[in-house]
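To keep things clear, I will list the structure first and then write my remarks on it.
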Protein chains: 2
Amino acid sequence: MTLKPEILSVTSIAQSRLFHIERVDLRFSNGKEVQYERLQSDSPGSVLIVPVEGDELVLIREYAVGTERYELSFPKGNIDTGEEPQTAACRELQEEIGMASSNIRLLRRTIISPAYINRSIWIMLATDLTLDPLPGDEPEALEQLRWPINRMWELLEQEDFCDGINQLALYALGHEMKVLPY
Amino acid sequence: MTLKPEILSVTSIAQSRLFHIERVDLRFSNGKEVQYERLQSDSPGSVLIVPVEGDELVLIREYAVGTERYELSFPKGNIDTGEEPQTAACRELQEEIGMASSNIRLLRRTIISPAYINRSIWIMLATDLTLDPLPGDEPEALEQLRWPINRMWELLEQEDFCDGINQLALYALGHEMKVLPY
């Protein structure tokens, strides 16, 4: 196993409301020195929840400013400071699809891009849903959409189901539920 | 279908070597005005390649400055301006594992985080590998690792196989090859 590079210095080079860019100077064990950049994250991470009600998945359509269009997604959101991922998952469900779940469990924990940021996403499965809405902070009402589980793989062919973590969540669900991938 | 928000202005608020932060002012169709932030990407995107040789997957171990540790990953890298994803995939294979492939095809195109950035990743499957190295730009030699396909799902249990897009690539491979998920 290679010896880890030594971090010589970490310098904050830009900060906006959402993003914080750092420059990291480091020396690899072979003596080579390099400068990398990364995004610093103060947040405890985020959750993405796959809600299953009966034979259907519940999804939302939400505007994404990166791609400048509406994207199909499972409910998701940031974990508040001090909040447990499980609690955040239930809160986001209530805010985004108006339902609470008494049965939320972890499907997979993942990191979005370890070369550029250290930020965990907890992908959860939520069942036993009951109507129990909380007000959200979205600028407009979210469109809700039901998708039959027995056609789940067709979601991958939808142009607006393009987000890698949503696709990962779908596969993780199929893996967990042993839904044959063909 | 909801009417798209109107983008009122896009302002560049910080730029470093790697990252370019923009503020976007927009008005939703219900009249509500909000300010979002996003990362602008000038790059044509990146490729991640799953190399299969015989009954094994080929992986690398590379230092990731986001998590400050070595991560297990399939070969990957940026697409150069004007370069086809397929060409970039073959070049990265030669640079990172010293092998060329005469059979590269798309498993899945994905976007890493559409709410924050518009950047595509082409996940490719590469077979028919032959020794044909190109010099890479890594600061140190990359450790190479072989993993038997019939134990592929165990990769998901490795703590250093944490990257979401790598996990997605593994599932996409299993889906494509019809490897039962249990």
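Scanning segment A:95-117 for residues that are farther than 17 Å from A:L48 by Cα, assigned to a loop (DSSP other than H, G, I, E, B) and in contact with a Ser or Thr (Cβ under 9 Å, 6 or more places away or on another chain) gives A:P114, A:A115.
The residues of segment A:109-154 that are farther than 21 Å from B:A115 by Cβ, open to solvent by 40 Å² or more (accessible area, probe 1.4 Å) and touching a helix residue (DSSP H, G or I) at 6+ places or on another chain (Cβ under 7 Å), listed by number, are A:D132, A:P133. Out of B:G77, B:G82, B:G66, B:G98, I need the residue that is touching a Lys or Arg at 6+ places or on another chain (Cβ under 6 Å) and free of Cβ contacts under 8 Å to residues at least 60 places away in the same chain. Which one? Result of the check over B:G77, B:G82, B:G66, B:G98: B:G66. Within segment B:11-33, the set of residues being under 24 Å from A:I13 (Cα atoms) and small (G, A, S) comprises B:S12, B:A14, B:S16. Being more than 9 Å from chain B (Cβ to nearest Cβ) and at pLDDT 95 or above is a property that does not hold for A:E62.
Condition (residue is over 14 Å from the mean Cα position of the chain (by Cα), within 8 Å of another protein chain (Cβ to nearest Cβ) and either β-branched (V, I, T) or within 20 Å of B:L170 (Cα to Cα) (or both)) applied to segment B:26-48: is it met by at least one residue? Yes: one or more hits. A:G31 meets each of the listed conditions (1) open to solvent by less than 60 Å² (accessible area, probe 1.4 Å); (2) farther than 21 Å from B:L18 by Cα; (3) touching a residue at least 60 places away in the same chain (Cβ under 8 Å) apart from (3).
B:L106 falls short of the stated requirement of being more than 8 Å from chain A (Cβ to nearest Cβ), surrounded by fewer than 22 Cβ atoms within 10 Å (Cβ to Cβ) and in contact with an Asp or Glu (Cβ under 9 Å, 6 or more places away or on another chain).
For residues in segment A:73-91 being in contact with a Ser or Thr (Cβ under 9 Å, 6 or more places away or on another chain) and not small (G, A, S), which is surrounded by the fewest Cβ atoms within 10 Å (Cβ to Cβ)?
Once the filter is applied, the top-ranked residue is A:T81.
The set of residues in segment A:155-180 that are outside any helix (DSSP H, G or I), surrounded by fewer than 20 Cβ atoms within 10 Å (Cβ to Cβ) and either at pLDDT 90 or above or not basic (K, R) (or both) comprises A:Q158, A:E159, A:D160, A:F161, A:V179, A:L180.
The values are calculated or read from the model by the stated rules, or taken from the named source; none is laboratory data. Since the structure is predicted, the reported quantities are computational estimates derived from the model, not experimental observations. Reconstructed Cβ throughout: ideal geometry from the backbone, glycine too, with neighbour counts over all protein chains shown. Remember, those area values only see protein heavy atoms, side chains included, never the ligands or the DNA or RNA. Shrake-Rupley method; radii C 1.70, N 1.55, O 1.52, S 1.80 Å.
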